[in-house]
1. With the range 70-146 as the region, which helices (runs of 4 or more DSSP H) entirely inside it contain at least 1 residues that are more than 26 Å from Ser216 (Cα to Cα) and at pLDDT 95 or above?
2. Go through (1) more than 18 Å from Ile84 (Cβ to Cβ); (2) surrounded by fewer than 16 Cβ atoms within 10 Å (Cβ to Cβ) and name the single condition Gly234 misses.
3. Would you say Phe183 is hydrophobic (A, V, I, L, M, F, W, C) and either in contact (Cβ under 8 Å) with a residue 24 or more places away in the chain or crowded, with 21+ Cβ neighbours inside 10 Å (or both)?
4. For the range 88-110, state whether one or more residues are surrounded by 15 or more Cβ atoms within 10 Å (Cβ to Cβ) and within 23 Å of Val198 (Cα to Cα).
5. Can you give me the number of residues within the range 139-166 that are in contact (Cβ under 8 Å) with a residue 60 or more places away in the chain and closer than 25 Å to Arg114 by Cβ?
6. Condition (residue is out of contact with any strand residue (DSSP E or B) (no Cβ under 7 Å at 6 or more places or on another chain), assigned to a helix (DSSP H, G or I) and surrounded by fewer than 17 Cβ atoms within 10 Å (Cβ to Cβ)) applied to the range 197-208: is it met by at least one residue?
7. Return the residues of the range 221-265 that are in a helix (DSSP H, G or I) and of a type in the set (S, T, N, Q); say none if nothing qualifies.
8. Suppose we keep only residues that are among the hydroxyl-bearing types (Ser, Thr, Tyr) and within 17 Å of the chain's Cα centre (by Cα) within the range 117-137. Which one would you say is nearest to Ala186 (Cα to Cα)?
Amino acid sequence: MFFYSPGRVVYKQQPGFTGPDSGPPAIAVNSFTLQKYFRMLRERLAVDQNNQLLPVRDTDQQPSNPVIRLLANLVSYVFHPLFIPIYLIWFLMFAEPQLFAGFDPRERLLVLIRFFIMYSFFPLVTVLLAKALGFLSSVHLRTQKERIIPYMACGIYYFWMSYVLRHQPEFAREVVLLAMSIFVAASIGLIVNIYMKVSMHAMAIGIMIGFVTMLSLQTAGFTLYMSAALLIGGIVCTARMIVSDHFPREIYIGLLTGIVSLLVSIWADGILP
């Protein structure tokens, strides 16, 4: 039996098999080895500077037009996962002002600042610190390994935010569900990250689409907002396919993760004390 590892093949002794130089042997291959082999056939793999076996992302099919790539990069930055929660809480204040009827303008501004600190400032500082300390090679988090620390740190921030909002009765249920869904998405993303580099942009967009759809089912006249959310989701996911090194399935699964996270949050809100 053989096992592939970066830089070498390790043989395990089998009856009637004396090694790789003993002629054509009958090699017993288990299912794990076959799965690894077929994955190597489907994806081009390369060994990086740390002797890690990584898939080589095929970018041959991505548009090379500089204008298209510039626009795709712009969309990726404008709708970055760090900004989506800020957009959503601002949208909620604009579209559903009755949910913040007990808040004066100063208190609404403080809510926006709280969301910015927990969902944008702290995660950004965490990534920059990890990069400065040598835990990350790039702030773009290009590998699954580099995403572990940000996922875990953000999970702590997001849990604390959802816990605090849930225990402050002045906040509407919709605000609490938004915070809970972001925490659930980060938790699921950490698990999925073991198997693939799921798109964080797509997860954030999935939460946005699910959240606006939930509001449209509760409130009349939200059809336009839901259509806009679907349009933005399609544009952002297309932009990520153009300029990122994600496989399409990583974007689709990220989108599904965001939507499922909101559904899980709605279910959890009904059973938690």
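1. Because the criterion is at least 1 residues that are more than 26 Å from Ser216 (Cα to Cα) and at pLDDT 95 or above, the helices (runs of 4 or more DSSP H) in the range 70-146 that meet it are 105-116, 122-132.
2. (1)
3. Details: hydrophobic (A, V, I, L, M, F, W, C): yes; either in contact (Cβ under 8 Å) with a residue 24 or more places away in the chain or crowded, with 21+ Cβ neighbours inside 10 Å (or both): yes.
When the stated conditions are applied, Phe183 passes them.
4. The answer is yes; a qualifying residue exists.
5. Within the range 139-166, the first condition is being in contact (Cβ under 8 Å) with a residue 60 or more places away in the chain, and the residues that meet it are 142-143, 145, 166.
Within this subset, residues satisfying the condition of being closer than 25 Å to Arg114 by Cβ are 166.
Residues flagged as in contact (Cβ under 8 Å) with a residue 60 or more places away in the chain and closer than 25 Å to Arg114 by Cβ within the range 139-166 amount to 1.
6. Restricting attention to the range 197-208, the residues satisfying the condition of being out of contact with any strand residue (DSSP E or B) (no Cβ under 7 Å at 6 or more places or on another chain) are 197-208.
Narrowing further to those that are assigned to a helix (DSSP H, G or I): 200-208.
Subsequent filtering for residues that are surrounded by fewer than 17 Cβ atoms within 10 Å (Cβ to Cβ) retains none.
Among the residues of the range 197-208, not one is out of contact with any strand residue (DSSP E or B) (no Cβ under 7 Å at 6 or more places or on another chain), assigned to a helix (DSSP H, G or I) and surrounded by fewer than 17 Cβ atoms within 10 Å (Cβ to Cβ), which makes the answer no.
7. So in the range 221-265, the residues in a helix (DSSP H, G or I) come out as 223-243, 248-265.
Correct list: Thr223, Ser227, Thr238, Thr257, Ser261, Ser265.
8. Pass one, the range 117-137, residues among the hydroxyl-bearing types (Ser, Thr, Tyr): 119-120, 126, 137.
Add one more test, that the residue is within 17 Å of the chain's Cα centre (by Cα), and what stays is 119-120, 126.
Values: Tyr119: 11, Ser120: 14, Thr126: 15 Å.
If we take residues in the range 117-137 being among the hydroxyl-bearing types (Ser, Thr, Tyr) and within 17 Å of the chain's Cα centre (by Cα), then Tyr119 is nearest to Ala186 (Cα to Cα).
The values are calculated or read from the model by the stated rules, or taken from the named source; none is laboratory data. No experiment lies behind these values; they were computed from the predicted model shown. Glycine also receives a Cβ, built like all others from the backbone with ideal geometry; neighbour counts cover every protein chain displayed.
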